[in-house]
1. Mind listing just one residue for me: the one in region 248-283 that is among the aromatic types (F, W, Y) and more than 18 Å from D319 (Cβ to Cβ) and, of those, nearest to the ligand (Cβ to nearest atom)?
2. Could you check region 285-314 and list, in sequence order, the residues that are among the β-branched types (V, I, T) and within 9 Å of the ligand (Cβ to nearest atom)?
3. Any chance you could count how many residues in region 143-169 are open to solvent by less than 30 Å² (accessible area, probe 1.4 Å) and either under 18 Å from A98 (Cβ atoms) or of a type in the set (S, T, Y) (or both)?
4. Considering only residues that are assigned to a loop (DSSP other than H, G, I, E, B) and near the ligand (Cβ under 10 Å from one of its atoms), which ones fall in region 191-229?
5. Here is a list: A69, A59, A47. Which entry is loosely packed, with under 14 Cβ neighbours inside 10 Å and modelled with pLDDT of 95 or more?
6. Considering only residues that are part of a helix (DSSP H, G or I) and in contact with a Phe, Trp or Tyr (Cβ under 8 Å, 6 or more places away or on another chain), which ones fall in region 118-141?
7. Yes or no: region 285-292 includes at least one residue that is over 22 Å from A171 (Cβ atoms) and polar (S, T, N, Q).
8. Scan region 176-203 residue by residue and report those that are over 30 Å from E264 (Cβ atoms) and either of a type in the set (K, R) or under 14 Å from the mean Cα position of the chain (by Cα) (or both).
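The values are calculated or read from the model by the stated rules, or taken from the named source; none is laboratory data. Keep in mind that this is a model prediction, so the values were computed, not measured. So basically every Cβ, Gly included, is an ideal-geometry build from the backbone, and we count neighbours across all protein chains shown. Surface accessibility is based on the protein's heavy atoms, side chains included, excluding ligands, DNA and RNA. Shrake-Rupley method; radii C 1.70, N 1.55, O 1.52, S 1.80 Å.
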Amino acid sequence: MPKVTGLEGIVAAETDISLVDGIQGHLIYRGYWAKDLAVQKSYEEVAYLLWFGRLPDAAEASGFQAKLAQLRELPAHLKLIIDSLPGTIPMMSVLQTAVAALATPDFAWPPTADQAALLTAVLPTVIAYRQAKLNGTPWVGPDAELDHTSNYLYMLIGKKPEEAHAKALGAYLVLGMEHGMNASTFAARVVASTQADLASAVCGGIGAMKGPLHGGAPSEVTAMLEEIGTKDHAETWLRHVLEQGGRLMGFGHRIYKTRDPRAEALQAVALQLNGQDHWLDLALHVEETAVRLLEEYKPGRRLYANVEFYAAAVMRAIDLPAELFTPTFTVGRIVGWTAHVLEQADVNRIFRPQSVYTGDMPAQ
Ligand code: ACO
């Protein structure tokens with residue numbers, strides 16, 4: 001049997017964009033604590049930081065917010081494409097289709113920050129447009145007066161969002177923006193390393209993000225908590241999954257061998273938003289029980305809550321439906337993907353690792 005490593009411990013690139021320290025539980029974006037940026041800075045300011053390497057001053061920040069706002073509208077051909085997709089096509093596949101359909105010749109290599117801005121600006125509009133079609137509700141187009149996060153919620157719910165909800169979502173989007181060489185970012189960098197256009201690289205990222213071991217986990221966390229239902233059922237339910245050799249969604253991480261700092265920050269955001277309501281109370285109890293049982297069934301693996309566990313709590317508290325959890329994660333993470341593709345372009349060499357052949361040889 002070949003040894004399956006999942007490239008653990010392999011350095012695939014040098015980066016100035018973020019530091020993920022899994023032992024100390026630190027996450028740093030270009031010299032700033034991500035947890036501080038999440039509560040002190042807007043989506044646009046952190047996107048600017050990740051793309052251009054420094055935080056904008058006040059004039060740059062408002063100019064940049066206005067620029068992104070101007071790019072939100074869907075081109076007519078994109079609406080036609082989305083309208084023609086059967087309702088059974090999942091939102092993540094709709095996003096891939098939409099991004100691929102935006103790759104005009106202007107998107108030729110090398111990637112630029114303007115291309116990144118266009119894809120980033122348009123993604124929430126694609127989600128909201130598709131969701132309105134699916135639900136048969138009136139389509140509420142983007143409002144250029146609103147910032148990126150508030151506008152996303154505005155398009156989804158059809159009215160100006162509560163400030164607390166926009167702030168909570170903003171914190172989540174910033175905390176989800178960037179995370180080193182995670183699977184989707186690596187996928188995007190691999191595609192970019194062939195000198196394919198930025199839209200193709202983002203499509204690669206979206207594909208990797210869709211899987212339940214990566215960005216698909218938060219809706220599964222909600223399903224798990226709903227199935228558990230009450231605190232007194234938690235231990236039996238969790239034990240049953242572990243006895244069957246199953247995985248507890250929202251726990252474990254390749255890099256973090258401590259509690260994910262994003263889970264820590266999002267737990268505080270969720271608590272601020274709703275106080276300790278029934279659902280959050282259950283989540284806290286499930287976390288405590290799961291960590292104890294994971295140590296019992298998987299001793300020494302150091303499995304703790306990851307970002308997805310409390311991401312589910314925040315998104316639920318602001319009434320986002322579960323099918324939008326992974327697309328919403330993507331609205332944040334597209335900034336990290338595009339920042340990495342810009343960085344890749346500066347130092348590019350095609351990714352081409354080797355494999356070890358373990359099959360049969362010809363008879364002669
Ligand atoms: N529940 C139960 N056991 C687990 C879990 C879990 N959530 N995570 C890891 N393990 C166990 C594995 O079964 C394995 O046990 P073994 O040594 O007896 O074989 C051991 O811990 C190591 O697991 P690996 O799969 O080798 O760890 P890896 O680093 O490859 O995987 C991953 C990391 C995919 C996140 C994993 O922990 C997992 O599947 N978690 C659940 C899904 C999830 O929450 N994903 C979101 C991650 S955050 C993000 O992507 C934004």
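1. For region 248-283, the residue satisfying everything is F251.
2. V307
3. 6
4. Selection gives G211, P212, L213, H214, G215, G216.
5. Selected residue: A59, the only one of A69, A59, A47 that is loosely packed, with under 14 Cβ neighbours inside 10 Å and modelled with pLDDT of 95 or more.
6. Correct list: P124, I127, A128, Y129, A132, K133.
7. Scanning region 285-292, I find at least one residue that is over 22 Å from A171 (Cβ atoms) and polar (S, T, N, Q), so the answer is yes.
8. C203
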